[in-house]
1. Would you be able to tell me the number of residues in segment 47-97 that are of a type in the set (G, A, S) and either under 20 Å from A123 (Cβ atoms) or buried (at least 16 other Cβ atoms within 10 Å of the Cβ) (or both)?
2. Going through V102, V19, V79, V114 one at a time, which residue ends up being modelled with pLDDT of 95 or more, over 20 Å from L134 (Cβ atoms) and not hydroxyl-bearing (S, T, Y)?
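The values are calculated or read from the model by the stated rules, or taken from the named source; none is laboratory data. Model, not experiment: these values are computed from the prediction. Using ideal geometry, Cβ is built from the backbone for each residue, glycine included, and neighbour counts are taken over all protein chains shown.
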Amino acid sequence: MSVLQRTAAATPAPAAVDVPVAQREAGYQAYLMLRFAFAVAPIAFGLDKFFNVLTDWPRYLAVWVDDLMPGSAQDFMYVVGGIEILAGILVALRPRYGAPVVAAWLAGIILTLVTGPGFYDVALRDFGLLLGALTLTRLAWAYDR
């Protein structure tokens, strides 16, 4: 056996670290990043529905939705905020169930934006978020045990 072969045999492979294989995979790392993003963002935006610091949320509401709901548009935003906070918590705890909820919620937001006040740029952004939530859903099926 040559010196190079003996050195290679004596040196442990970099993968010999006590990290499970799944945690080294790019798919698992993407799952963790999406899980974090889709837990934090709905909670943050949900909280802001109560304070309107980031924007005046009721202006994004389609008139037909406002007409269907009792109370003011801001009252409806309080309900929306509560649901978003719960959805973010569900993603944090059980992404297998929370991610599809967020995806469905984003689909509803997109519908409201394209049939209402004409915020098509925001609807397009939310479509990208919807694809991210669907990706998290698929990854959660593999990694959320």
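1. Step one: of segment 47-97, the residues of a type in the set (G, A, S) are 62, 71-73, 81-82, 87-88, 92.
Right, trim to either under 20 Å from A123 (Cβ atoms) or buried (at least 16 other Cβ atoms within 10 Å of the Cβ) (or both) and you get 62, 73, 81, 87-88, 92.
The number of residues fulfilling the criteria is 6.
2. V79
Rundown of residues vs (1) without any contact (Cβ under 8 Å) to a residue 60 or more places away in the chain; (2) in contact with a Phe, Trp or Tyr (Cβ under 6 Å, 6 or more places away or on another chain); (3) assigned to a loop (DSSP other than H, G, I, E, B), yes/no style:
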position: Y31; (1), (2), (3): no, yes, no
position: P58; (1), (2), (3): yes, no, no
position: D66; (1), (2), (3): yes, no, no
position: V79; (1), (2), (3): yes, no, no
position: R96; (1), (2), (3): yes, no, no
position: P100; (1), (2), (3): yes, no, no
position: G108; (1), (2), (3): yes, no, no
position: L113; (1), (2), (3): yes, yes, no
position: V122; (1), (2), (3): no, no, no
